[in-house]
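The values are calculated or read from the model by the stated rules, or taken from the named source; none is laboratory data. What you are looking at is a predicted structure, and each value in this text was computed from that prediction instead of being measured. All Cβ positions, glycine included, derive from the backbone under ideal geometry; neighbour counts span all protein chains shown.
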Amino acid sequence: MKKFAVNFSILSLFVLISVGSGCAVMGRRQINQPLSAINVSKLKAGMTKAQVTELLGAPQDILFIRKDNDPVRELAYVYNHTTTKYTGVVFAFLNFGNSDENQDRVVVFLNADGIVEHIGATLEGQKTDYGFPFGS
């Protein structure tokens, strides 16, 4: 009986150390440069492509369109920025994690002459938070 008590005590101690020890992990990832709300607010219909790229830089994507018998033309410039924040707690056999991701996206629509017709913008990239891994 005494041998069982000693083995149970050692096993209990091992489990307590394994589960009780752990570490916290935090991380952040950004894709592309953040978009300046000030520069985005300066975009107006009637601007040229050169003026748009002067304000925001080179677009991450350019959408093209080609209708029957028409040459290929640029339809829109797309600018993206993504921020992701991670939080995690690591135990010996049990891990918990949380991530929050938000994005800035600006789409500048161009007419056949390369002049801005419409701008769509969502600037949420800086609203990411580190969250507790066990819930909100």
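One residue stands out in the range 74-126 among those that are over 19 Å from the mean Cα position of the chain (by Cα) and among the small types (Gly, Ala, Ser): the one that is nearest to residue 37 (Cα to Cα), namely 76. Reported count of residues in the range 54-69, each being touching a residue at least 12 places away in the same chain (Cβ under 8 Å) and either surrounded by 12 or more Cβ atoms within 10 Å (Cβ to Cβ) or touching a Pro at 6+ places or on another chain (Cβ under 9 Å) (or both), is 7. Taking residue 45 as the residue in question, decide whether it is at pLDDT 95 or above and of a type in the set (Gly, Ala, Ser). It is true that residue 45 is at pLDDT 95 or above and of a type in the set (Gly, Ala, Ser). Return yes or no: is residue 16 in a helix (DSSP H, G or I) and either at pLDDT 90 or above or out of contact with any Pro (no Cβ under 9 Å at 6 or more places or on another chain) (or both)? Taking the combined requirement at face value, the residue satisfies it.
The set of residues from the range 30-48 being within 23 Å of residue 82 (Cβ to Cβ), of a type outside the set (Lys, Arg) and in a loop (DSSP other than H, G, I, E, B) comprises 32, 33, 34, 35, 36, 43. Note on the range 87-112: residues that are more than 16 Å from residue 53 (Cβ to Cβ) and surrounded by fewer than 18 Cβ atoms within 10 Å (Cβ to Cβ) amount to 18.
Results for (1) modelled with pLDDT of 90 or more; (2) within 18 Å of residue 124 (Cα to Cα); (3) part of a strand (DSSP E or B), shown as yes or no for each residue.
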site: 54; (1), (2), (3): yes, no, no
site: 71; (1), (2), (3): no, no, no
site: 80; (1), (2), (3): yes, yes, yes
site: 90; (1), (2), (3): no, no, yes
site: 98; (1), (2), (3): no, no, yes
